[in-house]
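The values are calculated or read from the model by the stated rules, or taken from the named source; none is laboratory data. Keep in mind that what you see is a predicted model, and the values were worked out from it rather than measured. Because the Cβ atoms are built from the backbone with ideal geometry, glycine has one as well, and the counts that use them run over all protein chains shown. Surface accessibility is based on the protein's heavy atoms, side chains included, excluding ligands, DNA and RNA. Shrake-Rupley method; radii C 1.70, N 1.55, O 1.52, S 1.80 Å.
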Amino acid sequence: MIESSWMILLLPFISFIGGILFLHKQPKLAAGFSILCNGAAMVMALILAVGFLSSDDTGYHALAHTWSYDWFAITDTLTVSIGALLDPISIMMLVVITVISTLVHTYSIGYMENDASAGRFFPLLSFFVFSMLGLVIAPTLVQMFVFWELVGVSSYMLIGFWYHKPSAVAASKKAFIITRFADAFFLTGIILMATQFGSIGFDAINQGATAFSSMNTANPSFSLEGGAVQVFTALAAQEGSAGFLGLNLLSWATILIFIGGWGKSAMFPLHVWLPDAMEGPTPVSSIIHSATMVVAGIYLTARLFPVFAVAEYTLSVVEFTGAITALFAAIIACTQRDIKRILAFSTLSQLGYMMFSLGVADMEHTAGFTASMFHVFTHAFFKCLLFLSAGLIIHSVHSNDIALMGGLRKKLKGTYFVTLLAVCAIAGVPFLFSGFWSKEEIIMAAWSNGHQCSAIIGLLVGGLTAFYMGRYFFLIFHGEYRGDAHHLEHAHENKFMLFPMVLLAIPTIIAGYPMLTGHTFFNTVIPQATLPTHPDHSASWIMPVAIAMAIGGLLVAWLKYGRRAVSFDTPSTNIVYRCISNKFYIDECYIFVTKKIIFRCVAAPMKLCDDYIVDGIIHSSAAIMRGCAAVIRHWQNGQTHVYLGLMIIGLALLAWFGGAL
Amino acid sequence: MNLTACLSLSAILFSFGIFGLMTRRKIIAMLLAIELMLNAALINCVAFAYYAPAGADTDVGSILPIFIVAITSAEMAVALAVIVAMYRKRKVIDIERLEDLHD
């Protein structure tokens, strides 16, 4: 099975090519075909995962390259190869992506049933999945970058899927430009990595970094081969060097690479594209937020974790970014009214968790790493479920505004039930739900590794999460209906849409249990290094506090929004509230910077230069030619005598210069 | 008579030819002017052959003009045929009204 794992990548691509070439006029066939392909990929990924879990020992599983092909050589020692790399985290991601893609494709049948362009939708969705799968199994930075960009392009096409809506077009451009801005840094980081450390393969980089770190801890038992030796030597050589601006080269390279993930994972302050990306169809939002796009940045950081850990400051940057984003997004989510925006900000906040969890780990204490990957795994399912249910709700009441909902529990019973499960999972309701386990693991890892500040932010954000998810839930499903009664009449649950939601409810609950068994699947990607350690449970007060925060948050939400009818008539005049509900005016800042500063001070002079210098040269050369032509044209009047005369003069001149006269 | 006189005659004839070619408007008159220029060239040819230094080969110089006269008459016949055909089609033999070259 391991040998044919590239088929997992190929199947969504076949679905894309087949759909876009032959089936775009037949939405039903396109849907069936893509579900078939993605379902097959899912089955293969599951078989792969089961095989992986049941294989040999409990230790770290060797990185398995199933195939590799040399693409081109940059120098004698640096070859760019494409291939597939299977290890615990890539297999985990393969499972998450294919499962969610299959369910989202199924859901889309119901969601897109009245959309004329559905035949275009399914192939594009498959293409998105293909790009993300390629990113996940990439064994080199270059291949990852290629698929990274493909993810960007396909998200652009899907966010702007309804291209006749100006807001969708603007949102897709925003997503594309912001992630591209971050990708420029990513590319610089890759080049720096390749030139200074002589390798772009994850194996070589990680092994070299692991060896380097274990050398520092006086445990020099390692054997290296190939590119890893080069990386190791380069790391050892640059240690203690002053570097540039107080950071050494390794920190520069890793931070630049991390900025790529920063943009893709929508960390503050590059988060602005993610809430706007809601303009796309809801299945797209659901897949972006759970499996395909935003976790790419987390995945990148996890993939290069050993080298990030070796570099000075890099993990601190990761931790700081993550913690700020988690808190910032959670605060905003408490004030939003658009159902999908609330979920978008909650995704940001959860991504912040995953990020700072990576940041608090190091090579000796890998619990944060494990917890982060665990949270990626659990979050994918319940966030996908939340978005799918939001899509169904929007489909039913024809509005995104939670001020126009309420009391939907009577009409949408199935949705009510599965959303309740997902809300409990994300809020961290104890013991039964997956989200509780992963979140608690993150906070525990942060605390036990001495990052108390992040742990406290994590606890606080846990309470905020419970509050805004409670608010979300009570405003939508409880109380009295506040919207147009006409829509409520026709509200129903499409079976294609409900079915995947019910299926997703299963992992929403059980995805947390593998942690209890302590299985290697979640352990580590770090090769031949220290054995994974579980967080020490000395900080046993954390779990009760986390539970109290979750329950407290939900309780406050119930008191404020669930118990009695809520009025949205009078907008709040509280300045703090207004500032938060306008997302701290970050978007306005960006617009100010771009329109007032960049456009005026940079773009306008450039335009002048363009108009008068570049265009000026072209225009004046054209004018000279035109002037000459006007003179010559004058002689070509069709009068044979003129031609004859010119001919005679010409011959005479020729004879003159030839010396005959 | 000497070579200079012959060449002068030829030059004068050639100049008349050019003058005629440039000033006449009727195509037939221009044809005559061309004929004049050609004959000027032939006079040169014969004169050089006649006044050639002793021992030089003069055969080509004296025989070639006869061939040229023959070929030119054939050429003129073709040219006249073209002019007649054009006149039939366009009803014009004034060169200044035949401006089609300009497109």
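Basic side chains Lys and Arg get +1 at the Cβ, acidic Asp and Glu get -1 at the Cβ, and with that the dipole of segment A:278-387 about its Cα centre reaches some 440 debye. Look at the dipole of chain A built from charges on Cβ: of A:SER131, A:HIS365, A:PRO306, the Cα furthest out on the positive end belongs to A:SER131.
Averaging the Cα positions of each part gives two centres, and for segment A:280-304 and segment B:64-103 these lie 84 Å apart. Of the residues A:ILE205, A:ALA330, B:THR72, the one whose Cα sits farthest toward the positive end of the charge dipole of the protein assembly as shown, with +1 on the Cβ of Lys and Arg and -1 on the Cβ of Asp and Glu, is A:ALA330.
Checking the a/c ratio against 1.5 first, then a/b against b/c, what shape does the Cα gyration tensor give for the protein assembly as shown? Prolate, since a/c reaches 1.5 and a/b exceeds b/c. With a Förster radius of 56 Å applied to the C-beta separation of B:ASP59 and A:TYR612, the computed FRET efficiency comes to 0.15.
Partner aspartates and glutamates whose Cα lies under 13 Å from the Cα of A:LYS174, excluding those fewer than 8 positions away in the same chain, are identified as A:ASP276, A:GLU279, A:ASP587.
Relative contact order for chain B: 27 percent, from Cα pairs under 8 Å spaced at least 6 residues apart, divided by residue count. Buried on complex formation within segment B:59-103 (loss of at least 20 square angstrom of accessible surface versus the isolated chain, 1.4 Å probe, ligands and nucleic acids ignored): B:ILE95, B:GLU96, B:GLU99, B:LEU101, B:HIS102. List the longest stretch of chain A that has no exposed loop site; here a site is one of the trypsin sites (Lys or Arg not before Pro) assigned by DSSP to anything other than H, G, I, E or B, with at most 10 other Cβ within 10 Å. That gives A:26-563 as the longest site-free run. Taking every protein chain into account, the 1.4 Å probe leaves B:GLU75 with about 110 Å² of accessible area, to the nearest ten.
Between B:TYR51 and B:PHE67, the modelled labels are 2.5 nm apart [label points 7 Å from Cα along Cα→Cβ]. Across chain A, the mean sequence separation of Cα contacts (distance under 8 Å, 6 or more residues apart), normalised by length, yields a relative contact order of 13 percent. Under the simplified labelling scheme, the A:ILE510-A:CYS453 pair shows an inter-label distance of 4.2 nm, with each label point 7 Å from Cα along Cα→Cβ. Could you compute how much accessible area chains B and A hide from each other, both sides summed, with a 1.4 Å probe? Nearest 100 Å² is fine. Summed over both sides, the interface buries about 1000 Å².
Surface calculation, 1.4 Å probe, protein heavy atoms: A:HIS398 sits at approximately 120 Å² accessible.
Segment A:442-482 and segment A:324-369 have Cα centres separated by 10 Å. For segment B:3-90, the square roots a ≥ b ≥ c of the C-alpha gyration tensor eigenvalues yield an a/c of 1.5 or more together with a/b not exceeding b/c, which makes the shape oblate. Between B:ASN2 and B:ALA41, the C-beta separation translates, for a Förster distance of 25 Å, into a calculated FRET efficiency of about 0.85. Could you work out how far apart the two model spin labels at A:ILE551 and A:ALA116 are, taking each label as a point 7 Å from the Cα in the direction of the beta carbon, and quote it in nm? Label-label distance for A:ILE551 and A:ALA116, simple model: 5.6 nm. Measuring nothing but protein heavy atoms, the accessible surface of the protein assembly as shown at 1.4 Å probe radius is 70 percent carbon and sulfur. Taking Cα atoms only, the orientation of helix A:227-238 departs from the longest principal axis of chain A by about 90 degrees. Taking 31 Å as the limit for the C-alpha separation, the pairs A:LYS173/A:LYS495; A:LYS560/A:LYS595; A:LYS560/A:LYS583; A:LYS340/A:LYS595; A:LYS340/A:LYS439 exceed it in the case of A:LYS173/A:LYS495; A:LYS560/A:LYS595. As a rough guide to protection, the peptides A:283-293, B:40-50, A:83-93 ranked by mean Cβ packing within 10 Å, highest first, stand as A:283-293, A:83-93, B:40-50. Each Lys and Arg Cβ is given +1 and each Asp and Glu Cβ -1; about its Cα centre, the protein assembly as shown then shows a dipole of about 2840 debye.
Under the combined filter of DSSP loop state and at most 14 neighbouring Cβ atoms within 10 Å, segment A:376-438 retains these chymotrypsin sites (Phe, Trp or Tyr not before Pro): A:PHE431. Once the 1.4 Å probe is applied to the protein heavy atoms, segment B:1-97 comes out at 67 Å² accessible per residue.
Given their separation in residues at 0.36 nm each and the Cα-Cα distance between them, A:SER4 and A:PHE431 gain 149.9 nm when the chain is fully extended. Label segment A:418-519 by shape, choosing from rounded, prolate and oblate, from the square roots a ≥ b ≥ c of the eigenvalues of the Cα gyration tensor; if a/c is under 1.5 it is rounded, and otherwise prolate applies when a/b is larger than b/c, oblate when it is not. Oblate.
Per residue, the solvent-accessible area of segment A:407-464 (1.4 Å probe, heavy atoms of protein chains only, all protein chains present) comes to 32 Å². Per residue of A:641-653, how many C-beta atoms from partner chains lie within 10 Å of its own C-beta, taken as a mean? Shielding by partners across A:641-653 averages 2. For chain A, the longest principal axis of the C-alpha atoms and the axis of helix A:6-22 are separated by about 60°.
Given a Förster radius of 56 Å and the C-beta distance between A:HIS492 and A:TYR69 as r, what FRET efficiency does 1/(1 + (r/R0)^6) yield to the nearest 0.05? Result of the calculation: an efficiency of 0.65.
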